[in-house]
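The next block holds one structure in the form of structure tokens; read it before the comments.
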Amino acid sequence: MYIDLHTHSFFSDGVLIPSELVVRAKAAGYSVIAITDHVDYTNMDLVLPRIKRVAAELSRHYEIKVIAGCEITYVPPALIQRAVRDARKLGARIVVIHGETPVEPVPKGTNIAGIIAGADILAHPGFITDKEVKLAAKNNVRLEITTRVGHLGANVHVAKLSGKFNAKMVLNTDAHAPNELFTDELIDKTLKKAGIARPDYEAMKKNSIVLANAATAK
């Protein structure tokens, strides 16, 4: 069963409404999915209450754990700590930071700001520094290995430094469309390209389970 803590619906730039995203995830073999649409201070107060409300209903009716979350995206680094706090107040059980991927002009300083803020996951953190990985390990911020095309170019770097400094990793899809959800083939391909062995992947799954359980216990 798959656990995916980073996906998008049409509340940001995904193509599916939350209900269809959840049903398709269930059909694909998911046991847990977090809906983590892109937010900043223009839409956070609109998106999160709606995702929070529907997450409980979909979990009950479709027998899959659905977690309300968000991906704080392109927020000025100086405001990220406040944004994480405000997102949690609005109902985000999983807070993801849109990290400094090498394929987008993410503001410099976003990675460190997200780690200091205590976000749950730093998504596609690109060529993250030793200092940042050490701090992520200390602050229990999970570093994402992603299956998403483009962002996955730095997976090898993230995996190498995470292993070196004992930072926790998670595997997510960052799915925006149904054809981007997990499959065994996609996982195997991603792990191979990142140089991640199966035992390390099992540890990543455990990290996701712990995070998902903590999110749904709140």
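Quick notes
- Qualifying position, being touching an Asp or Glu at 6+ places or on another chain (Cβ under 8 Å) and among the aliphatic types (A, V, I, L, M), among V106, V149, V133: V106
- V75 meets each of the listed conditions (1) touching a Gly at 6+ places or on another chain (Cβ under 9 Å); (2) open to solvent by less than 60 Å² (accessible area, probe 1.4 Å); (3) assigned to a loop (DSSP other than H, G, I, E, B) apart from (1).
- Tally, over segment 128-144, of residues that are out of contact with any Leu (no Cβ under 7 Å at 6 or more places or on another chain), open to solvent by less than 30 Å² (accessible area, probe 1.4 Å) and not acidic (D, E): 0
- Residue in segment 24-40 that is hydroxyl-bearing (S, T, Y) and over 17 Å from the mean Cα position of the chain (by Cα) present: no
- Pick from segment 193-208, criterion of a type in the set (D, E, K, R) and touching a residue at least 12 places away in the same chain (Cβ under 8 Å), ranking: nearest to Y30 (Cα to Cα): K205
- Close pairs from segment 92-106: first within 20 Å of V170 (Cα to Cα) and open to solvent by 10 Å² or more (accessible area, probe 1.4 Å), partner of a type in the set (A, V, I, L, M, F, W, C) and not in a strand (DSSP E or B), Cβ under 7 Å, at least 6 apart: R93/A215; E100/V106; P102/F127; P102/A154
- Hits in segment 1-38 (condition: assigned to a loop (DSSP other than H, G, I, E, B) and at pLDDT 95 or above): H8, S9, F10, F11, S12, D13, G14, V15, L16, I17, G29
- Residue satisfying all of: in segment 52-72; out of contact with any Ser or Thr (no Cβ under 8 Å at 6 or more places or on another chain) and open to solvent by less than 40 Å² (accessible area, probe 1.4 Å); farthest from T101 (Cα to Cα) among these: S59
- Scanning segment 172-206 for residues that are in a helix (DSSP H, G or I), polar (S, T, N, Q) and open to solvent by 30 Å² or more (accessible area, probe 1.4 Å) yields a single hit, N179.
- A Cβ distance below 6 Å, combined with a sequence gap of six or more or placement on separate chains, defines the contacts here; from segment 39-57, residues that are at pLDDT 95 or above reach residues that are assigned to a loop (DSSP other than H, G, I, E, B) and of a type in the set (V, I, T) in the pairs D40/V75.
- Residue match in segment 127-139 (condition: under 26 Å from V22 (Cβ atoms), modelled with pLDDT of 95 or more and either of a type in the set (A, V, I, L, M, F, W, C) or not in a loop (DSSP other than H, G, I, E, B) (or both)): no
- For G118, the test of being closer than 15 Å to T36 by Cα and part of a loop (DSSP other than H, G, I, E, B) is failed.
- Taking the numbered list (1) more than 16 Å from the chain's Cα centre (by Cα); (2) assigned to a helix (DSSP H, G or I) in turn, P107 passes all entries but (2).
- Among the conditions (1) more than 23 Å from R88 (Cβ to Cβ); (2) free of Cβ contacts under 8 Å to residues at least 40 places away in the same chain, the only one that I145 does not satisfy is (2).
- All positions within segment 207-217 that are over 21 Å from A159 (Cβ atoms), open to solvent by 30 Å² or more (accessible area, probe 1.4 Å) and at pLDDT 95 or above: N213, A214
- Unique match (being open to solvent by less than 20 Å² (accessible area, probe 1.4 Å), out of contact with any helix residue (DSSP H, G or I) (no Cβ under 9 Å at 6 or more places or on another chain) and either touching a residue at least 12 places away in the same chain (Cβ under 8 Å) or in a helix (DSSP H, G or I) (or both)) among A167, A154: A154
The values are calculated or read from the model by the stated rules, or taken from the named source; none is laboratory data. For clarity, every value in this text was computed on a predicted model and none was experimentally measured. When we count neighbours, we look across all protein chains shown, and the Cβ atoms used for this are built from the backbone with ideal geometry, even at glycine. Surface areas here come from the heavy atoms of the whole protein model, side chains and all, with no ligands, DNA or RNA. Shrake-Rupley method; radii C 1.70, N 1.55, O 1.52, S 1.80 Å.
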